[in-house]
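Structure record follows, encoded as structure tokens.
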Amino acid sequence: MTSVRTGRPRQTSPTAGVAQVLRSEWTKIRSVSSTGWTLSVAVVVTIGIGMLISALTRNEYDTMPVRERLTLDPTFVSFAGMTLGQLAMIVFGVLVVTNEYSTGMIRVSLAAVPRRGAFLFGKIAVAGALALVVGMITSFATFFLGQAMLGPYRAGLGDPGVLRAVVGGGLYLTLIAVFSMGVAAMLRSPLLSLGILMPFFFLISNILAAVDSTKKAGRFLPDQAGSRIMQAVPRADEAPYGPWGGLGIMALWVIAALAGGYALLRRRDAQ
Amino acid sequence: MIELDGLTKRYGEKVAVDGLTCTVRPGIVTGFLGPNGAGKSTTMRMILGLDHPTAGDVRIDGRHYEQLTDPLTCIGALLDAKAVHGGRSAYNHLLCLAQSNGIPRGRVGEVLETVGLVAVARQKAKGFSYGMAQRLGIAAALLGDPRVLMFDEPVNGLDPEGIHWIRNLMKSLAAQGRTVFVSSHLMSEMAQTADHLVVIGQGRLLADTSMAEFVRRHARSYARVRSPQPERLLDALHEAGITVVPAADGALEAEGDKAERIGELAARHGIVLHELSPRQASLEEAFMRLTAGSVEYHARTEAGPRSWGSGRQGGTA
């Protein structure tokens, strides 16, 4: 115990405050085990399934209908694991936010950082940056390993649209994670958040795509719009937006989720 | 210094805190006393800016909580010892708090030393006993070397050694000139540590007084007398102008320091006494009388209203 401060207020600029929050959130995120296992599951599942589907495609190429052979998108084939791998990214995003609430830590955190915007966006910036790094590594790794499996039918990074698709794959995984963080900030409960996000991405999107009348609406869901960027070869049933347009639609969903999460965090009592 | 000004919190129809106005001053331990559900924790959460007041205002050293730069260096609080991520080590828990307020890393080791958790600093918090978690919470409160400290029911779940330690800690923090605000639902606990008392019931201020003043006003002394000849004794007492009320076990109680007079009266009339003792009602009793109208959860007992008064003895007023 040292002596009482003499009351001289410490001069801290707003930017120093932001740096402090980022440092603190990085300590939080690296010191819990859920970060490690959710992100490694995302990497392993995405790469594993991507390699498997790529290998199967190579074996079946000769028996495939001619039209499918002509429109084969080797890049997109190697991204087959994204559908499942993104679920681990969702779990990562949800747990990063909701563990504050499920442990009661939120009260300690907000007492330390009372500016709620700084707290929430500091946390999401750190978690989002980590998701971006892991997402990019996953996307490039699954591309190269998937192409290796495809053998003679492989695409190269220099082929038209391929680099954009691979970078886009990393951005897609990042945006999925950040979207989940925004939704989790609104819902606070990990079970509720996962219970809504999992079927949203895994079921509803597919169900809407199955029926013609709802298919058009389904194209504007975050995952369908966002995944357009991962296709290097344009499809026949062209969506009314391009690869970057689709990612833009997804980004709007993310912004909406973050705005909702921030609005509720600001208004609510911390518990 | 903590200043509450008409602080009010409503949850729908229910009023948790009702127009609370008081000042918590530096240099002393201020006890925040009230029965369970009186609104103590809600008040403390509003002080920390965690809950938004429905009406009224609260300031720490003249400023609103949200205006504090690096708030942990101004006010440290222990609200809920279990509000820790169980998968994080004690060291990392304190480190992330220190970093958020620009507190040097070395301070983490210092406070771990102060609360005696150095040996388990790298262990995950979920393995901690309640007492260890309580110490971790206190370490977090001390982290920024703040001038204002606030503890919500800090002795709950501590062993006698831990209770002794925290009492001395609070007193030494106050002696250093800091503001120490500590809540409890036990008067006996406050009597050991607090210099000043703020008593609330159902969210309303019931008393804002120094401990000494509270003792002087509320500690009731009385004489207890038991005789196999109660009729004769009552006559004698009545003649002398001493009013008595019957206690639950058949004894009689007279308000004030009247034991000597009752003894002399009995001797003069040749009345046999089986018991005569000067007594002092406990502060606990005084607190219960003060808050009797505002206790949210009444326990019904068959023993009658006097049953809690027995047991405490003391000849010195």
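The values are calculated or read from the model by the stated rules, or taken from the named source; none is laboratory data. Since we're looking at a predicted model, the values are computed, not measured. Methodologically, a virtual Cβ is constructed for each residue, glycine included, from the backbone with ideal geometry; neighbour enumeration extends over all protein chains shown. In case anyone asks, the SASA skips ligands and DNA or RNA and just uses the protein heavy atoms, side chains included. Shrake-Rupley method; radii C 1.70, N 1.55, O 1.52, S 1.80 Å.
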Quick one: how many Å² of residue B:224 are accessible to a 1.4 Å probe, rounded to 10?
-> 30
Could you give the distance between the Cα centres of the stretch B:145-207 and the stretch B:1-45, to the whole Å?
-> 14
So for the protein assembly as shown, what are the equivalent ellipsoid semi-axes in whole Å, largest first, each being the square root of 5 times an eigenvalue of the Cα gyration tensor?
-> 68, 24, 20
Over the stretch B:221-280, average the accessible area per residue using a 1.4 Å probe and give it in Å², no decimals.
-> 57
For chain A, the percent of all C-alpha pairs falling in each 10 Å bin, from 0 up to the bin holding the max distance, is 7, 27, 31, 19, 10, 4, 2, 0, 0
log₁₀ I(q)/I(0) of the stretch A:177-219 at q = 0.27, 0.28, 0.32 Å⁻¹, via Debye over equal Cα point scatterers, no solvent, to two decimals?
-> -0.84, -0.86, -0.98
Using a simple charge model, +1 on the beta-carbon of Lys and Arg, -1 on the beta-carbon of Asp and Glu, nothing else, what dipole does the protein assembly as shown show about its Cα centre, in debye to the nearest 20?
-> 1260
Whole-Hz couplings from phi, Karplus 6.51/-1.76/1.60, listed for the stretch A:136-144; x for Gly and Pro = 5, 4, 4, 5, 5, 5, 5, 5, 5
Reachable lysines, given that their alpha-carbon falls under 19 Å from the alpha-carbon of residue A:28 and they are not under 8 places away in the same chain = A:123, B:82, B:124, B:126
Could you tell me which of B:79, B:290, B:101 has its Cα farthest along the dipole of chain B towards the positive end, charges placed at Cβ (Lys, Arg +1; Asp, Glu -1), taken about the Cα centre?
-> B:101
Probe 1.4 Å, protein heavy atoms only - accessible area per residue of the stretch A:41-142 in square angstrom | 37
How high is the relative contact order of the stretch B:221-280, in percent, counting Cα pairs under 8 Å that sit 6 or more residues apart?
-> 55
So what's the convex hull volume per residue for the Cα atoms of the stretch B:177-286, in Å³?
-> 135
Carbon plus sulfur fraction of accessible area for the protein assembly as shown, probe 1.4 Å, in percent = 59
With all distinct Cα pairs included, what does the Kirkwood hydrodynamic radius of the stretch A:120-271 come out to in Å, to one decimal, could you say?
-> 16.8
Counting only DSSP beta bridges with both partners in the protein assembly as shown, the antiparallel fraction in percent, to the nearest 5, comes to 65
Buried by partner chains in the stretch A:240-271 (accessible area down by at least 40 Å² vs chain alone, 1.4 Å probe, heavy atoms, protein only) are A:269
List every residue whose amide H lies under 5 Å from the amide H of residue B:180, counting only residues 5 or more places away in sequence or on a different chain, with H placed 1.01 Å from N in the peptide plane.
-> B:27, B:28, B:30, B:149
Cα gyration tensor of the stretch B:86-220 - equivalent ellipsoid semi-axes, whole Å, descending = 31, 16, 13
Using a 1.4 Å probe on protein heavy atoms, which residues of the stretch B:90-116 have at least 40 Å² less accessible area in the complex than alone?
-> B:92, B:96, B:97, B:99, B:100
How much of residue B:167 can a 1.4 Å solvent probe reach, expressed as accessible area in Å² and rounded to 10?
-> 50
When the convex hull of the C-alpha atoms of the stretch A:60-134 is computed, what volume per residue in Å³ does it have?
-> 115
Taking only C-alpha pairs under 8 Å that are 6+ residues apart, what is the relative contact order of chain B in percent?
-> 20
Buried by partner chains in the stretch A:106-140 (accessible area down by at least 20 Å² vs chain alone, 1.4 Å probe, heavy atoms, protein only) are A:107, A:108, A:111, A:112, A:114, A:116
Taking chain B and counting helices only, DSSP H stretches of n ≥ 4 at -39,500 (n - 2.57) each over all residues, the nearest-500 ellipticity at 222 nm comes to -9500 deg cm²/dmol
Report the full-extension gain for the segment residue B:168 to residue B:276: residue separation times 0.36 nm, less the Cα-Cα distance, to one decimal in nm.
-> 35.1 nm
Return the sequence-ordered ³J(HN,Hα) values of the stretch B:185-201 in whole Hz as given by the Karplus equation 6.51 cos²θ - 1.76 cosθ + 1.60 applied to θ = phi - 60°, using x for Gly and Pro.
-> 9, 10, 4, 4, 5, 5, 4, 7, 10, 7, 9, 9, 10, 10, 10, 10, x
Which aspartates and glutamates have a Cα less than 14 Å from the Cα of residue B:258, not counting those fewer than 8 places away in the same chain?
-> B:275
GNM result for chain B, Cα springs below 10 Å: residue of B:219, B:254, B:240 fluctuating most strongly = B:240
Report, in whole Å, the centroid distance computed from the Cα atoms of the stretch A:56-124 and the stretch B:226-273.
-> 83
Mean 1/r over all different Cα pairs, inverted: what Kirkwood radius does chain B give, in Å?
-> 22.1
Cα-based reach from residue B:14 at 15 Å (exclusive), listing aspartates and glutamates while leaving out same-chain residues under 8 positions away | B:296
Accessible-area ranking of B:269, B:274, largest first, probe 1.4 Å | B:274, B:269
Might you tell me the accessible area per residue for the stretch B:2-216, computed with a 1.4 Å probe and given in Å²?
-> 35
MRE, 222 nm, helices only [DSSP H, n ≥ 4, -39500 (n - 2.57), over chain A, to nearest 500] | -24500 deg cm²/dmol
Isotropically averaged projected area of the stretch B:221-280, using the convex hull of Cα atoms (one quarter of hull area), nm² = 3.5
Using DSSP loop states and a limit of at most 16 other Cβ atoms within 10 Å to flag GluC sites (Glu not before Pro), what is the longest stretch of chain B containing no flagged site?
-> B:14-295
When Lys and Arg each count +1 and Asp and Glu each count -1, what net charge do the other residues less than 12 Å away from residue A:110, Cβ to Cβ, add up to?
-> +3
Can you work out ³J(HN,Hα) from phi for every residue in the stretch B:113-128, in order, using Karplus 6.51 cos²θ - 1.76 cosθ + 1.60 and θ = phi - 60°, giving whole Hz and x for Gly and Pro?
-> 5, 4, 8, x, 10, 4, 5, 10, 4, 9, 8, 5, 5, 5, x, 7
Estimate for me the total accessible surface buried between chains A and B (protein heavy atoms, probe 1.4 Å, no ligands or nucleic acids), in Å² to the nearest 100.
-> 3300
